[in-house]
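Following: one structure in structure tokens, then a few remarks.
Computed from the coordinates by the stated procedures, all read-outs in this text should not be read as laboratory data. These figures come from a predicted structure and were not determined experimentally. Virtual Cβ from ideal backbone geometry, glycine too; neighbours counted across all protein chains shown.
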Amino acid sequence: MKVIFAFLLLFSFCSISIPQESNSIDRETIIKQIKQLEEAEVKAILESDTIALRKMWAEDVHVNNPSNIVVNRAQVFDRIKSTFIKYSLYTREQEYYGVYDDVVIVMGNETVIPSGNNPDNGKTLKRRYTSVYKNFDNNWKLIARHANIIK
């Protein structure tokens, strides 16, 4: 009995400490939903549509932005309103999707051309990014993001 209990205890610790990618048959459906969400997010950012972004981003979302500052949702919206975040071009290329039950990690690259009140106005910037989405009651929302300029 003690051996069985010890085995079960060890197994439960191993399963908690090792992240495992979801093998759900819905993996491709989840990736499709995230792709659509990312397309809608880019469109909303291009249009400075904070109403749409409020629906896509968790209230406590945080962004480690290309200025190397961690900002919350309200701070990002302030930057959109001041046109510090404003682009004439914004494209994304997803390279990796990690699906882990109710969390999805997306990694890739993006190209932006700032057009607003930004010191890089008019420059073409290449960035690497990571976005993390969580499912809240069948609604995927961005919970964290990191982007850094590579060129």
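Values computed for the structure shown
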quantity: Of LYS55/LYS86; LYS55/LYS151; LYS35/LYS86, pairs whose Cα-Cα distance is over 28 Å; calculated: LYS55/LYS151
quantity: Charge dipole magnitude, Cβ of K and R +1, D and E -1 - the stretch 26-149, Cα centre, debye nearest 20; calculated: 400
quantity: The stretch 26-149 pair-distance distribution - Cα-Cα, 5 Å bins, rounded %; calculated: 2, 11, 21, 27, 22, 11, 5, 2, 0
quantity: Summed residue charge, Cβ within 10 Å of LEU125's Cβ, Lys/Arg positive, Asp/Glu negative; calculated: +2
quantity: The stretch 26-149: relative contact order in percent, alpha carbon pairs under 8 Å with at least 6 residues between; calculated: 24
quantity: Cβ-based net charge around ASP102, under 12 Å, with every Lys or Arg adding one and every Asp or Glu removing one; calculated: -1
quantity: Of ILE105, THR29, ILE149, farthest towards positive along the dipole that unit charges on Lys, Arg, Asp, Glu beta carbons give the stretch 26-149; calculated: ILE149
